[in-house]
Each structure stands twice: as structure tokens, then as C-alpha cells.
Amino acid sequence: MSLEVLGLPGHRPTPVFRRLEKKVKDADERLLKLVTKWAFLKAGPKFEIARFDGSIITYQGIAFAGSPVLVFWNGFIEPYIENESLEILEEAGTLATECDLPPDTVIEEARCLLHVIVRRVFSKMADVDRTLRGDGIHFPELKDVTSHIAAMSAYIDSEAQIVTLKASRKRDDSPHNINLSGCNNAQIQLGNNNIQVLQISVQKLVEEVARSNDAEAKSRLQKLLENSTVASILGAGASALFGML
């Protein structure tokens, strides 16, 4: 049985997409290995596999019926998927914040990739289940995994929304910088962590505001020039600039 390709065909990636994709592919590989290991349940030697909580599942000389089926389909893989998904979503939120990218866009990439993982993992489980229920020659129909996929996808969507809200809050709360240097040939640097930059001489700024009829702009600029830190940066020119207003 061929699995869905792990990717987002036709998607226009963000600058951090490749990093997220690498993390998603690593997680996908780990999850598929866990599922594939169940295919050796009836191989002969004692079968052992760890649950997410560290406890060990052990079977030997048993058919894939009753207890093994219940363990396989009821809560074995889900905690692993939840843990991998949360780590990847948190990483997406962090990357969005650090790279000053829209959190909803970056986290949506991660969410969509995780949905592909979910479909791939449960499709693989259905394939392993079919193999174990067969006799080597005849095999039953594949188990319908629609409900499993829907439940896990809903979990991912919920966590993605939480991470998006957290990352958006951090972005809104990030400091805005104003850097002044010199007077006649000065630069004013404005922006969110210096990402957005506007360059203009301080004298030119004061002249333009002085010519305007904007009383509020003049008042705000006067308060800025009165600031002790700004005055120390501009030096003696601060008084002259203030006088122009």
C-alpha cells in the first residue's frame, strides 16, 4: 500500500518552511517505525514495544485478535502523535516570532504538514492491521480509519490555534525601537526590533513638522526633543531644533 506523499504540493512556502518540513519528516519517520514494528507481532520471538509513557507491551505466541487489537487501535499511537505535533507547532510559533513572520501563516504550514502525517500514520496502521489479520495468502479489507484521522486532526487544529494566539501576542508585545544619531546628518531608525527602517535627518524632520499646521505633531516632537536621552544624543543642536518648533 502506497502512502500519501509528505508535502504540500502547490504551496508557496515561507522562508522557514524547509526547516519545518525537515522536523515533520523526522517525526513521520519515527511514527511509522513504531507502527511498522507491530507487523512482527506473529513472527515468533517475544514481541515488545514501548508505550509513550514508557510501559512495555509484551506478547508472544498470540494471534492478532482480542487484546492485541484493542491495544493497537486504542491509544497506542495517539500520545506519540500528540507529542510530536505539539513540539512542531511550538517550533513554528517560535520561528515566526524570531523571524518576524506572520504566526498564522507559519503555523498553518506546520498544521497542514501534520495533517498529512496523521493520514499517513493511520493508513499505515490499517495496512499493518490487514496484514496481521490475514493468513499470508488471503487478506481482509482495510479497516476504515476515518474517525481516527478526524479525531487526531481536530486535536492538531486546536493546538495550532493556541500556539497561533500565543505567537501573535508575543509579536504584538515586542518592543519598538527609536534610534537617533547626530543632528544635521542624523538618521532616525523606527521599527519593530529594527526590522522596519526609515532614514531621514532630524533637522529635515523638524523643518517639515514646523512648516505644517499639525499642532499635535509639533507638540509630540517638542516632547521628544526635551527628553534628556535624546538631547544628550543630539547635543547642542537639540536646543536649536526645539526653537524651530
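The trypsin sites (Lys or Arg not before Pro) found in the range 1-70 that occupy coil by DSSP, while having at most 13 further C-beta atoms within 10 Å, are 46. With all projection directions averaged, the alpha carbon convex hull of the range 1-95 covers 7.8 nm².
Rolling a 1.4 Å probe over the protein heavy atoms gives the chain an accessible area of 57 Å² per residue.
Note on residue 230 and residue 137: the extension gain reaches 25.1 nm, defined as 0.36 nm multiplied by sequence separation minus the Cα-Cα distance. Between the range 89-161 and the range 26-59, what is the C-alpha centre distance in whole Å? The two parts, judged by their Cα centres, are 18 Å apart. Each peptide in 91-104, 4-17 was scored by the mean count of other Cβ atoms within 10 Å over its residues; highest first, the order is 91-104, 4-17. Label-to-label distance, residue 8 versus residue 52, with points set 7 angstrom from Cα along the beta-carbon direction: 2.3 nm. Taking the accessible area of the chain, probe 1.4 Å, and keeping the other protein chains in place, the carbon and sulfur fraction comes to 52%.
Residues of the range 124-138 falling in the label zone of residue 62, defined by backbone nitrogen less than 20 Å from a point 7 Å along Cα to beta-carbon, are 125-126, 128-135.
I need to check one value: relative contact order of the chain, counting alpha carbon pairs closer than 8 Å and at least 6 residues apart, in percent. All intermediate terms of the calculation are to be shown ahead of the outcome.
Numbers: 274 pairs, mean separation 40.0, N = 245.
With pairs under 8 Å counted, the relative contact order is 16 percent.
Size of the range 42-132 from its Cα atoms: along the principal axes, largest to smallest, the extents are 56, 26, 19 Å.
Please count, across the chain, the pairs of lysine residues with Cα atoms under 20 Å apart that sit 8 or more places apart or on different chains. Lysine pairs meeting the criterion: 18.
What are the semi-axes of the equivalent ellipsoid of the chain, taken as the square roots of 5 times the eigenvalues of the Cα gyration tensor, listed largest first and rounded to whole Å? Don't skip to the answer; put the middle values down first.
On the way: eigenvalues 796, 48, 35 Å².
For the chain, the semi-axes come out at 63, 15, 13 Å.
Given R0 = 51 Å, the distance between the Cβ atoms of residue 242 and residue 99 translates into a calculated FRET efficiency of 0.80.
The values are calculated or read from the model by the stated rules, or taken from the named source; none is laboratory data. Note that the coordinates shown come from a computational prediction; the quantities given were computed from them, not determined experimentally. Using ideal geometry, Cβ is built from the backbone for each residue, glycine included, and neighbour counts are taken over all protein chains shown. Note: areas computed on protein heavy atoms with side chains; ligands, DNA, RNA excluded. Shrake-Rupley method; radii C 1.70, N 1.55, O 1.52, S 1.80 Å.
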